[in-house]
Amino acid sequence: MNVYDAARMSDLLAKEGYDAAAREEDAELVVLNTCHIREKAAEKIYSELGRLAVLKEERRAQGKSLEIVVAGCVAQAEGELVMRRQRAVDLVVGPQSYHRLPALLKEAREGARVADTDFAAREKFQALPAPTKAQIAARGVSAFVTVQEGCDKFCSFCVVPYTRGAEISRKVESIIEEARRLVDGGVREIVLIGQNVNAYRGEDEAGRSTPLEGLFERLSAFDDLTRLRYTTSHPVDMTEGLIDAHASLEKLAPFLHLPVQSGSDRVLKEMNRRHDARHYLDVVERLRRVRPDIAISSDFIVGFPGETEEDFQATLALIDAVEFASSFFFKYSPRPGTPGAEREDQIDEDTKRDRLARLEARVEAQRRAFNAATVGRTLEVLFEKQGRHDGQIAGKSPYMQAVHVDGDEGEIGRLRPVKIVAAGPNSLSGEIVEAREFA
Ligand code: SAM
Ligand code: SF4
C-alpha cells in the first residue's frame, strides 16, 4: 500500500510542478513514506532522517533548500514527536491526509510546524488527481489499486487499526474509473489492495453494497486487462462468493495470500484472530476444491507472548498440512499501544530467533518444492520488464513466481505460454512455446 500511496503522492506533486530527481542530492523535496508495522521498520526512519538532516545543512550552505516530509504510518503513530526527535523535518503527514500535501507544504513554508494526522480517508480518494498516461506507462504493466483501507479487526499484535484507522471501502464507480484509466494507459494486471481487502463492501452506482468479487466481475469485462489479483485477505472474510469467483472468473489469478500467523488455536485466540486452525484449513480446502491449482501463501509471527514450543509445533504442523507456495515470516515485535505489547510473558530473543530459523527452513523447503514442481509445465506468463541480461525479459506466472525467458521487449505487456525449463532459488526460467497472443 505504501507503493500505491507513494505513486499517488507523486501524481499530486507532479501537478504542482515537481519532477522526480535522479539523485537524492539533487532533490528539493524528500518524502519518506514510512512503515510502523515492526520496530525495525519504524526505527530505520530516524537514521535515514539523520542523514537527510546533514544533506539539508549542506544544501543550505550552498544557498539551496531541501524540504523533508515524513509520511505514512510512523507519521500517523508519532505525529509531532517526529519533528521533536529530528528538527530538520518540515512536515509530518499521515496516510489519510496526504491529499492535502500541497496546502500543507505551503503552510510549512510560511513557517508553521505542521503535523496533519487526521483520519479523513473518504475525502482522500476524491481529492487525488488521476495520473497521466505517461506516468502510468512509466510504472509498468502491473498496477495496484487501493479499494479498501483501515482495519476493524484489532489483532492484539498489530498497529494497523491505530495507524490506518477504521475500515472504509471506496465506491465501485471511483475504482472502475481508476482501473479504466490504468488499462487505457497500458496496465494489464491490476492488484486490488487493502489492509483487509476481502472485507471490501463498496457502494455501487445504484447504492447497493458490493463485495470484492463484484469488483472482479466488473473488471473482468475490460478486454485489455489480462489478470486480476488481490491482497491482503483475512481468513474470516473468505466468503463462499469470493471462493467461487476463483472458479468462475478466468482472469482472477490462482494465487491467494492468506495470512494465518500461527497454527496454535490458543495463540490465535490470544492474537484475537477470530479464527482457529481448523477454519483456516477449511478455507484452503474449499479453495482447492473449486480451483485445484490455487497457490497459497501466508504470513507467520513467531514468539508472540506466551507462545510455547507446543504452540510452535502446531504452527509447523499447519505448514505441513497446507503446503504453502511461499510465505513471509516475522519475529513478534511489540508495538506501542497494542495489547500484545503490555503482556508480561514476552518471549526472549534467542527463542524467537531459533523458532524463526526453524519455520523459515520449513516454508522455504515448501517454496522450493512448489517451484520445482512447475518445471516441465507450461504456464501463462505476463511479461512485465526487461530481464537482467541482454535479450532477456521477465514476468510473473499465475502463481506469482518470477519467470525469465529469452525474448523480445515487444512481448512486455503480453501474456504468453511459457514452458518452464528450470527452477532457481528465486525465479524460474523457460521458453515461450507459441506465438499466439492471449492478451
Ligand atoms: N491484514 C493482514 C492480515 O490480517 O494478516 C496483514 C497486515 S500486516 C501489514 C502484514 C503482516 O505483518 C501481518 O500479517 C503480520 O504477520 C505482520 N505483523 C503485524 N504486526 C506485527 C508485529 N507486531 N510483529 C511482527 N509481525 C507483525
Ligand atoms: Fe492487522 Fe491484519 Fe489483524 Fe487488521 S486483520 S489488525 S491489519 S493483522
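Annotations for the structure displayed:
- Rough spin-label spacing in nm, given labels placed 7 Å along Cα→Cβ, for residue 223 and residue 154: 5.1
- Sequence-distant contacts, meaning Cα pairs under 8 Å at least 6 residues apart, place the relative contact order of the stretch 26-152 at 20 percent.
- Label zone at residue 81, where the point sits 7 Å out along the Cα-to-Cβ direction: the stretch 307-338 residues whose backbone N lies under 16 Å: 334-338
- Multiplying the residue separation of residue 378 and residue 365 by 0.36 nm and subtracting their alpha-carbon distance yields 2.4 nm.
- Across the options 125, 77, 112, the greatest Cα extent toward the positive end of the charge dipole of the stretch 59-193 (unit charges at beta carbon of Lys, Arg, Asp, Glu) belongs to 112.
- As a proxy for reagent exposure, 106, 352 were ordered by neighbouring Cβ count within 10 angstrom, fewest first; the result is 106, 352.
- For the chain, the relative contact order is 10 percent, taking Cα pairs closer than 8 Å that sit 6 or more residues apart in sequence and dividing their mean separation by the residue count.
- Where no second cysteine Cβ lies under 4.7 Å, the cysteines concerned in the chain: 35, 73, 151
- Residue 114 long-range amide H proximity, modeled H, under 5 Å: 92
- The stretch between residue 250 and residue 408 holds 54.2 nm of extra length on full extension. This uses 0.36 nm per residue minus the Cα-Cα distance.
- Taken one residue at a time, the phi angles of the stretch 163-180 give Karplus couplings (6.51, -1.76, 1.60, θ = phi - 60°) of 8, 9, x, 6, 4, 9, 10, 6, 6, 4, 4, 5, 5, 5, 4, 5, 5, 4 Hz. Gly and Pro are set to x.
- Loop-resident sites, the stretch 174-263, for GluC sites (Glu not before Pro), counting at most 12 other Cβ within 10 Å (DSSP): 205, 250
- Assuming charge only on the beta carbon of Lys and Arg (+1) and of Asp and Glu (-1), the dipole of the chain about its Cα centre is about 280 debye to the nearest 20.
- Difference of contour (0.36 nm per residue) and Cα-Cα distance, residue 109 to residue 28: 27.9 nm
- About its Cα centre, the stretch 318-406 has a charge dipole of approximately 200 debye under the convention of +1 per Lys or Arg Cβ and -1 per Asp or Glu Cβ, with nothing else charged.
- The lysines whose alpha-carbon is closer than 16 Å to the alpha-carbon of residue 269, local same-chain residues fewer than 8 away aside, are 153.
- Other residues lying with their Cβ under 11 Å from the Cβ of residue 335 contribute a combined charge of -1, Lys and Arg counting +1, Asp and Glu -1.
- Pairwise Cα separations in the chain fall into 10 Å bins from 0 onward with the following percentages, short to long: 4, 19, 27, 28, 18, 4, 0.
- Within the chain, percent of DSSP bridges classed antiparallel, to nearest 5: 40
- Pairs from the table (133/385; 64/133; 251/396; 124/251) lying more than 21 angstrom apart at Cα are 64/133; 124/251.
No value in this document is a laboratory result; all are computed from the given coordinates. Please read these numbers as outputs of a predicted model, since none were measured by experiment. We place every Cβ from the backbone using ideal geometry, glycine too, and count neighbours over all the protein chains shown.
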